[in-house]
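The values are calculated or read from the model by the stated rules, or taken from the named source; none is laboratory data. This one's a predicted model, so the numbers in the text were calculated from it and none came from an experiment. Virtual Cβ from ideal backbone geometry, glycine too; neighbours counted across all protein chains shown. Surface areas here come from the heavy atoms of the whole protein model, side chains and all, with no ligands, DNA or RNA. Shrake-Rupley method; radii C 1.70, N 1.55, O 1.52, S 1.80 Å.
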Amino acid sequence: MNSIKKIVNEELYEWMKEIRRAIHRHPEVAYKEEKTAELISNALNELGIKHKTGIARTGVVGKLTAGQNVPTIALRADMDALPVAEETNLPFSSQVQGAMHACGHDGHIAIVLGAAAILSKNPPEGNVVFIFQPAEETEGGAGPMIEQGVLNGVDMIFGGHIETHHLAGEIGLKPGVHTAYTDAFEIRVTGKGGHAARPHETIDAVLIAAQLVMDLQIIISRNIDPLHPAVITVGYIKAGTVNNVIAERAVLKGTIRTTDELIRLQVIDRIKKITTSISSLHDADIQFILKPGYPPVINEERAYGFAKHVSEELLGKENTILIPFPGLGGEDFAYYLQETPGCFVRFGGGIKGRENAPSHSPRFDFDEEALRVGAAYFSELVRYAVKKLRTTE
Ligand code: NI
């Protein structure tokens, strides 16, 4: 770890921790990241990095320019917090009721700013774009950022996510498909309400909802090739008002996770068939509404090779974790990768010897060593990618 401590000295490490903690104290949810954007802008001013604010509402983009006809590498951090009430008891806990940086995006900002500090002091022979993006957790701020042209001229993009399943000092990465399609759905059942003692006069929306929940799982166990990952989760059911009335309406909400487009379409098609057949079986009206989510993060082979090389040089092979399977989480970094080759990794943030709460938990926290590792990794990766791309262009 000596080389990391050389790249990120104590002073810079303290600066990054301060930034992370300041953002952690004042979490702002999707598209409300105004103070966060101001803090980022102030930090970039401190570093003398030219930047623009107000991109896709609250986004910030900084640029280090080396010239024309040189490679351009982008680093991306997301900025938004979650509507979660914090329960960590940290001295820098959220001061905003009902909002918390429970997904480590406070850390991602500090990491990219740390890399910006290192690279601005000792600039690479290529351009670097620092992307701070709003609304990763909701409708995907990446899309509007791309529409605003943040990828113009970018040859390669890199990102990462702090993750407590890996320990601090580790980086996890995987070539190809890394995260899942994250479609959401809603099913609205309309039956016929009536007296609980006379079910034959009614169409019971609760019974239909229960049948739907069970039958949806048949898709996973009987219709989908078991060698392809697929999950259907119904996370929400609402029906009825009292014990002695048969409910007229039920609403189910859930998510579909897949990693392959054809499997995704197959799941959607089966859900439609099940809702149609249960509807005719019960003479109920059933509507299936699909809300398409993010596509999968697909790491490009060459960019993955650069990321793996830099991680192994910096952390050693033993701390470079080659993740064997995709995760079924979602990440809107996928949109950048549809436009530009790049690689997304996991920054280990788990604290050794204790139970680490997962992201989105009100008790989520991470080892701040991840900030140091992340900034060293990004800055070295930019230098390495610039060098490799210069020799091949
Ligand atoms: Ni996140």
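Using the beta-carbon distance between Q95 and I351 and R0 = 30 Å, what value does 1/(1 + (r/R0)^6) give for FRET efficiency, to the nearest 0.05? Let's see the in-between values first.
Numbers: r = 23 Å, r/R0 = 0.78.
Here the calculated transfer efficiency is 0.80.
Past the 31 Å Cα-Cα mark, which pairs from K174/K238; K5/K387; K32/K63; K121/K308; K5/K50; K32/K308? Write out the running numbers ahead of the final one.
Details: K174/K238 39 Å; K5/K387 23 Å; K32/K63 23 Å; K121/K308 25 Å; K5/K50 27 Å; K32/K308 35 Å.
Violating the 31 Å Cα-Cα cut-off are K174/K238; K32/K308.
What length, rounded to one decimal in nm, is gained on full extension from T138 through to Y236, with 0.36 nm per residue of separation minus their alpha-carbon distance?
Numbers: separation 98, 0.36 × 98 = 35.28 nm, distance 1.77 nm.
Using 0.36 nm per residue and subtracting the Cα-Cα distance, I get 33.5 nm.
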Open item on the list: With the crude spin-label approximation of a point 7 Å out along Cα→Cβ, what separation in nm comes out for N45 versus T391?
Closed with: 4.2 nm
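Tell me the per residue accessible area of the chain using a 1.4 Å probe; a whole number in Å² is fine. Walk me through the numbers before you get to the answer.
Values: 17860 Å² over 393 residues.
That works out to 45 Å² per residue.
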Open item on the list: Below 8 Å, C-alpha to C-alpha, sequence gap of six or more: please give me the relative contact order for segment 244-393 in percent.
Closed with: 22 percent
Task: segment 115-132 - phi-based ³J(HN,Hα) in whole Hz, Karplus 6.51/-1.76/1.60, Gly and Pro as x - done: 4, 4, 4, 5, 6, 6, 6, 9, x, x, 8, x, 7, 10, 10, 9, 9, 10
- [ ] Would you mind counting up the charge near G348? Only other residues with Cβ under 13 Å from its Cβ, with Lys and Arg at +1 and Asp and Glu at -1.
- [x] -3
Open item on the list: Between F364, F378, F130, where does the largest GNM mean-square fluctuation fall for the chain, given springs only between Cα atoms within less than 10 Å?
Closed with: F364
TODO: For T65 paired with H165, estimate the spin-label separation in nm (one decimal), with each label point 7 Å from Cα along the Cα-to-Cβ line.
DONE: 4.2 nm
Open item on the list: What does DSSP give for the chain in terms of the percent of beta bridges that are antiparallel, rounded to the nearest 5?
Closed with: 65 percent
Open item on the list: Can you show me the helix-derived [θ] at 222 nm for the chain, built from DSSP H runs with n ≥ 4 at -39,500 (n - 2.57) apiece and divided by the number of residues, rounded to the nearest 500.
Closed with: -11500 deg cm²/dmol
Task: Phi-based couplings in Hz for segment 170-182 (Karplus 6.51, -1.76, 1.60; Gly and Pro marked x) - done: 10, 10, x, 8, 8, x, x, 5, 10, 10, 10, 5, 10
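Quote the FRET efficiency, to the nearest 0.05, computed for K291 versus Q217 with a Förster distance R0 of 25 Å and r equal to the Cβ-Cβ distance.
Numbers: r = 20 Å, r/R0 = 0.81.
Efficiency computed from Cβ-Cβ geometry: 0.80.
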Task: Within segment 136-206, GluC sites (Glu not before Pro) in DSSP loop having at most 16 other beta-carbon neighbours inside 10 Å - done: E139
Open item on the list: List the trypsin sites (Lys or Arg not before Pro) within segment 312-393 that DSSP assigns to loop and that have no more than 13 neighbouring Cβ atoms inside 10 Å.
Closed with: K352, R354
TODO: Take every DSSP beta bridge with both residues inside segment 1-142 and express the antiparallel ones as a percent of the total, to the nearest 5.
DONE: 55 percent
Open item on the list: Taking 25 Å as R0, compute the FRET efficiency from the Cβ-Cβ separation of N152 and E301 and round it to 0.05.
Closed with: 0.60
Task: Phi-based couplings in Hz for segment 141-156 (Karplus 6.51, -1.76, 1.60; Gly and Pro marked x) - done: x, 4, x, x, 5, 5, 4, 7, x, 5, 9, 4, x, 7, 8, 7
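Per the 1.4 Å probe, what fraction of the accessible area of the chain, in percent, lies on carbon and sulfur atoms?
Summing carbon and sulfur atoms, their accessible area is 49 percent of the total for the chain.
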